[in-house]
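Read the structure below first, then the notes.
Computed from the coordinates by the stated procedures, all read-outs in this text should not be read as laboratory data. Just so it is clear, the model here is predicted, and its values are computed rather than measured. With ideal geometry, Cβ positions are generated from the backbone for all residues, glycine too; neighbour counts draw on all protein chains shown.
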């Protein structure tokens, strides 16, 4: 099941634009406020763990099919694969460098 991807406004970065994002990435209270809004509607002021907010729901969509999203997903897949390889190499290197001497009593 696809989650709604929300476009919101009024953050400190990028002139208030949060861009397209899955609401699950936000603070629970922020997410709850977004869920109550209709397109174009502003929220009443509310508080999250990050401070006070007023949010306008600009648009809804069901999937993020932007080119940036595709690039981000491809990057994440490659990063995770490379990270796993590097962790395995690092562990192998540590094991190779380990020296254990057993001393008979």
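Structure data summary
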| item | result |
| --- | --- |
| Computed E for residue 67/residue 87 - FRET, C-beta separation, R0 35 angstrom, nearest 0.05 | 0.70 |
| Computed over the range 36-105: relative contact order in percent, which uses C-alpha pairs under 8 Å that are six or more apart | 19 percent |
| Peptides 97-104, 34-41 ordered by average Cβ neighbours within 10 Å, highest first | 34-41, 97-104 |
